Amino acid sequence: MSTGCCSAFSLLTRDPSSGEAHDFAVGRDWFPVIGLTIGLLVMVVGKIGGGIDPWLGAVVALLAWYGVNGGAHVVGAAAMADRCAGAPAGGALQTALLVAAKLVLLMLLIRAGQWWALVLIPAWARLGAAWCVASIPPAADDTVAQSLYDNAQQEGNATGFWALALWLLGGALSPLMWLAPLVIAVWYWLLRNRLGGMRGAAIHAGVEWSELGLLMLAAVLLGLLG
């Protein structure tokens with residue numbers, strides 16, 4: 001159990017290699033736990049800063065969010081953008097837009113006091129990453145993704161348990177997160193049908209894009225529900 005937890009914490013801060021595929025497969029059931037841990041940190045930091053000003057809360061929360069994983073997820077998203085655009089400028093532009101959008105959405109949620117949504121969003125995003133690795137066939141030219149996929153098939157999978165637990169937890173603490181599975185499903189569909197299958201960089205890109213989508217979902221529902 002401790003080995004899986006340590007592997008998960010390590011591999012969510014950098015790109016896994018083929019030699020670490022077994023550790024990744026063993027540790028992926030811990031991804032939602034890591035997400036809840038990160039979410040609690042973001043909530044606490046955001047609440048402290050938000051007590052002075054919502055923008056300050058958003059800035060310090062975003063710094064904590066990216067700082068705890070070394071920016072690995074946004075770098076993975078940039079790598080995916082570079083590959084799709086065929087030019088380095090694609091990743092740089094996407095990174096700037098992602099960070100700016102995340103900052104604004106964080107400010108909106110902090111201003112509205114939606115603290116539990118901030119806790120649950122990183123957990124849902126990492127659950128989505130674990131699900132995609134185990135269920136989406138890898139791209140033909142990505143040996144790392146192939147190794148991860150093969151090892152994931154040989155290990156147990158607690159994705160269903162975590163999905164139910166987070167959904168029930170969201171209903172109790174933050175109803176804005178009831179529709180969170182839709183965001184994960186959209187990324188799953190895009191990765192499987194539009195991006196050519198699972199890739200190593202897509203693990204981090206999926207976390208980053210899912211977090212942004214979940215923040216946007218929460219902000220939209222907040223505006224609609226008042």
Check your understanding: Counting other C-beta atoms within 10 Å, which of Leu148, Leu105 has the fewest, and how do the rest follow?
Key -> Leu105, Leu148
Review point. Near Ile121, within a Cβ-to-Cβ distance under 12 Å, what is the net charge of the other residues, with Lys and Arg +1 and Asp and Glu -1?
Key: 0
Exercise for review: Within 10 Å of each residue's Cβ, count the other Cβ atoms and sort Leu62, Leu106 from fewest upward.
Suggested key: Leu62, Leu106
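None of the figures in this text is laboratory data; all of them are computed from the coordinates on show. These figures come from a predicted structure and were not determined experimentally. No Cβ is skipped: glycine too gets one built from the backbone with ideal geometry, and neighbour counts run over all protein chains shown.
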